[in-house]
Amino acid sequence: MPSQTSIALQSVDSVETSSTEIWLTDEILFNYQRCPRRVFLDRYGDRQQRTSPPDYLRKLRQDSYVHQREVLSQAPFQEPNYPRRDWVAGAIATTALMQQGVDRIANGVLQIPLGNGIHLVSCPDLLVKQPGYSIWGDWLYAPTDIRLGKRPKLDYQVAVAFHTYVLAAVQGMWAETGWLILRQRGTYAVSLVDVLPRMEEILQSCMETLLQQQEPEVFITHSRCDLCHWFSHCYTLAQGDRHLSLLPGVTPSRYIQLKALQLKTLEEIAIASPKQLESLPGFGFQVAQRLVKQAQATLQNRAIAHTESSLSPTVPLLSQIELPTADIELYFDIEAAPEQNLVYLHGVLVVDRLAQTEIFHPFLAEHQVAEGKVWNQFLELVWRYPHAPIFHFCPYEAQTVKQLGECYSTPSHLIEALLSRFVDLHERVTRVAILPVESYALKPIARWLGFNWRDSAANGAQSICWYDQWLTTGDRTHLEAILRYNEDDCRATHQVKDWLVQFTQLDIAPFS
Ligand code: SF4
């Protein structure tokens, strides 16, 4: 074990380094599974290019901490006392507790040097004493992680396998099982036989990246990059290079296939034959055809008509999609906090084309108990216009209305009648148009059409944070921000619908 003086302590998120040593924690391994590049940048990147974590990430961390403390408080435990991120001191204090045979040890540190400049550092949320044999006597420990997530995702399981691996070296004996405690599913036993080999592969790859200082290529995937502190840096690089990860339909596995065919640029894909691509693993004719058109639309910065291959190109686009236009139309958007199982806002923009009015109706639950009341207010409004189509973007609104109907025992025939008026514009747009956008979410599409949100940084995650801040502080400016954002979403949906009507009426012959 290294001496304490050899450790350089830094108050950073994950990578703890001295000039020659690498402290590879379970947190680093967890991040590596999500993005190897992030781990590389955390160690070797220019810290000036990091941005501070978004509010939503802070909220997730806080929620996770509260959840962990709640679970821990269900039974007595002891914690090692050591300076924050002083892994050697933490490991010494934890080992002393294990040696004493303490039943439950929370936030312990396990540490082993590998001899190649890397120290493995594992911080399981809980170490639980079990019958068995270890270097200390007739007991041993098994690791447990407490997670906010609902499912035992593979990256959670890999972290538990890592704890078990380091713990085996510390106590001289393998624990039979590692455990996850999940918020909704409860206790879950991780199958070490299945997960340990996977963990070792990931660990090996992570160590190579760090030791050989190999910078992984940028690959923007919004689901994982949006909350990353390197996003602005990586996105600027990707945009500058017109990286293919910004082209909808290019997934990491398809990207590998495209590179193998020497299709590395937008231009090369735009002139490729779909036939050349369709036999690649993970493609098929529809994907191949759409990808080539997507590259053309992006290069030409224009919308391209897209028809299903089964339909005749001579059939007008408008008749291929059900897109009602009525004197009165409703544009609907929901704000919800799925973690709390709460729908706190139904926003409806009522567009009266004859009267030339657009009136926004927000039904906002200022407190959790008001969810049922605003649900009824929403129903009362939509039934005031029984023939008006209800436009929304993505299936979430329809799914949520179904769930609320069940939750509040709204008669099913009323819900069915209501849902028959719903029109999902995301489904309609993607069915007939290929757009020069990086994703087919509402924001990129509406922005391409020239729509601007009054608060450019607002999004669904930020709305959840605002609602949380309102509940905590009682400051109504947070509610006002939510209403502004939701109204803009409704207006953006309206703009997309109007554009789609015009586009389909142009009757453009589809590309062959
Ligand atoms: S922004 Fe994306 S690609 Fe860049 S480091 Fe973060 S997760 Fe990785």
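Points to keep in mind about this one:
- Looking only at the stretch 8-33, and only at residues there that are among the small types (G, A, S) and closer than 15 Å to Y44 by Cα, the one that is modelled with the highest pLDDT: S19
- The strands (runs of 3 or more DSSP E) located wholly in the stretch 32-130 that include 3 or more residues which are among the aliphatic types (A, V, I, L, M) occupy 118-122.
- There is at least one residue in the stretch 164-179 that is in a strand (DSSP E or B) and on the phi < 0 side of the Ramachandran plot.
- Residue, farthest from N341 (Cα to Cα), within the stretch 175-225, restricted to residues that are over 24 Å from the mean Cα position of the chain (by Cα) and of a type in the set (A, V, I, L, M): L211
- Only one of the numbered conditions (1) in a helix (DSSP H, G or I); (2) surrounded by fewer than 14 Cβ atoms within 10 Å (Cβ to Cβ); (3) hydroxyl-bearing (S, T, Y); (4) more than 16 Å from the ligand (Cβ to nearest atom) is not met by Y156, and that is (2).
- Taking (1) under 18 Å from F451 (Cβ atoms); (2) in contact with a Ser or Thr (Cβ under 9 Å, 6 or more places away or on another chain) in turn, D488 satisfies each apart from (2).
- Being surrounded by fewer than 20 Cβ atoms within 10 Å (Cβ to Cβ), within 14 Å of the ligand (Cβ to nearest atom) and modelled with pLDDT of 95 or more is a condition met by at least one residue of the stretch 189-209.
- Filtered by the rule that a residue be in contact with a helix residue (DSSP H, G or I) (Cβ under 8 Å, 6 or more places away or on another chain) and among the aliphatic types (A, V, I, L, M), the stretch 115-132 gives I118, L120, V121, L126, L127.
- Out of P274, P281, one residue alone is farther than 20 Å from E438 by Cβ and within 26 Å of the chain's Cα centre (by Cα). It is P281.
- Within the stretch 229-244, the set of residues being in a loop (DSSP other than H, G, I, E, B) and either over 30 Å from V121 (Cβ atoms) or near the ligand (Cβ under 7 Å from one of its atoms) (or both) comprises W230, R242, H243.
- Among the numbered conditions (1) within 27 Å of the chain's Cα centre (by Cα); (2) surrounded by fewer than 18 Cβ atoms within 10 Å (Cβ to Cβ); (3) touching a residue at least 40 places away in the same chain (Cβ under 8 Å), the only one that E335 does not meet is (2).
- Residue satisfying all of: in the stretch 210-228; in contact (Cβ under 8 Å) with a residue 24 or more places away in the chain, closer than 21 Å to L120 by Cα and outside any loop (DSSP other than H, G, I, E, B); farthest from the ligand (Cβ to nearest atom) among these: L211
The values are calculated or read from the model by the stated rules, or taken from the named source; none is laboratory data. Not measured: the values here are computed from a predicted model. Using ideal geometry, Cβ is built from the backbone for each residue, glycine included, and neighbour counts are taken over all protein chains shown.
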